[in-house]
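Have a look at the structure below before the remarks.
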Amino acid sequence: ATRAAVAGAVAIAVVWASYLVVDPQLRRAYRQPVPAVHGLRGALVDLLPFPQAYRDGMRIQFGFETQPWQGFLFGHVYTGARWYYLPVALLVKTPLGLLALWTAGAVALVAVRRLRHAAPYVLAPPAVLLAAAMHSSRDFGTRYALFLPMFLAVAAAGVLAARRTPRSLAGVGALVVFVTVSSLGTFPYYLPYSNEAFGGPARTHLRLHDSNVDWGQDLGRLADRLRARYPRERIWLVYKGSGVPSFYGIHSADPRAVPEERVHGLLVVSDSAAAKAKGRLAALIGTSRPVDEVGHSITIYRR
């Protein structure tokens, strides 16, 4: 109990310190109103021992839960959320060697008697948090389950704690090397990583979207590619992100703003936009030929 209290106090202090470093005056200059949250959620937010800005952030997140969102999973676009989205996304985005270590470690914590006392502390919290995260209105990315690797990394240590033999050491070492090679192999395109069972980073956009693949991170790479391979070409751009293309030297137009027959040249579309394309954009993509890709997050078509 004492250790839990100390850990809780440290966590609270870290949050306060983080906010004070960013803004010692803890100002709340918001451009948009903060949603009102009522009922049990509102009461719990009010009781949190954190800065007001933190609690306002919680209210904003709860406000998002009341809105309809589109999801994308293995080629299917849908509205709302699917309870199995997070586990499936984690299977795609986690290195195979790490999945094996997590599984073996969890089994060891439950099966080995001298390790069993640690199982409730290591396995129960991520299970509860994952169950809560699965009950969401937004299927956007595995970032909502970032806690899982931290707990299961501790569980993975149970493989060697259970039985440290030359065979187990060799097996764990081989899996660690596999994870390292798989992770380094995606350089420098870390965001769209998926493991080898699902085709690697180049095919992640066929399974998932948004922050799993494309968070607008490749605008600079796109500019370099256009200058190197497609100088003086007419560019039509549908970009998923908040960057300003002209800042990078990309001079483009929105193909959805003109009649389809006027769109000729290069049609550049972020993969997240392509995943949910409908109407005019879907027709433009359907009548174009893919000729290049940038960072596994942007596809270049020719019309």
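Annotations for the structure displayed:
- Two-site FRET efficiency, PHE64 against ALA111, from Cβ-Cβ distance with R₀ of 41 Å, rounded to 0.05: 0.50
- On the beta carbon distance between HIS135 and ARG31, with R0 = 30 Å, the FRET formula returns roughly 0.50.
- Listed by chain and number, the aspartates and glutamates placed with their C-alpha closer than 13 angstrom to that of LYS240 are ASP210, ASP214, ASP218, ASP254, ASP271; residues fewer than eight positions away on the same chain are left out.
- Just the protein heavy atoms count here, and of the accessible area of the chain at 1.4 Å, carbon and sulfur take up 64 percent.
- In Å², nearest 10: area of VAL110 left accessible to a 1.4 Å probe: 80
- Measuring with a 1.4 angstrom probe and ignoring ligands and nucleic acids, VAL14 comes out at about 80 Å² accessible.
- Extension gain, ARG3 to HIS38, is 9.3 nm, computed as 0.36 nm per intervening residue step minus the present C-alpha separation.
- Rolled with a 1.4 Å probe across the full set of protein chains, the surface gives TYR84 an accessible area near 80 Å².
- Rounded to the nearest 500, the helix-only mean residue ellipticity at 222 nm of the chain stands at -14000 deg cm²/dmol, with each DSSP H run of n ≥ 4 adding -39,500 (n - 2.57).
- In this structure the amide hydrogen of THR94, modeled in the peptide plane, comes within under 5 Å of the amide hydrogens of ASN195, none closer than 5 places in sequence on its chain.
- The stretch 74-82 - phi-based ³J(HN,Hα) in whole Hz, Karplus 6.51/-1.76/1.60, Gly and Pro as x: 6, x, 10, 9, 8, 9, x, 9, 10
- Unit charges at the beta carbon, dipole of the chain: most positive-side option, ALA104, LEU20, VAL77: ALA104
- Using R0 = 35 Å, the C-beta based FRET efficiency linking ALA174 and TYR121 works out to 0.80.
- Percent of alpha-carbon pairs separated by more than 32 Å within the chain: 44
- Computed over protein heavy atoms with a 1.4 angstrom probe, the accessible surface ordering of LEU219, LEU98, largest first, is LEU98, LEU219.
The values are calculated or read from the model by the stated rules, or taken from the named source; none is laboratory data. This is a predicted model, so every value here is computed, not measured. All Cβ positions, even for glycine, are placed from backbone atoms using ideal geometry, and neighbour counts span all protein chains on display. Ligands, DNA and RNA are stripped out before the accessible areas are found, and what is left, the full protein with its side chains, is counted by its heavy atoms. Shrake-Rupley method; radii C 1.70, N 1.55, O 1.52, S 1.80 Å.
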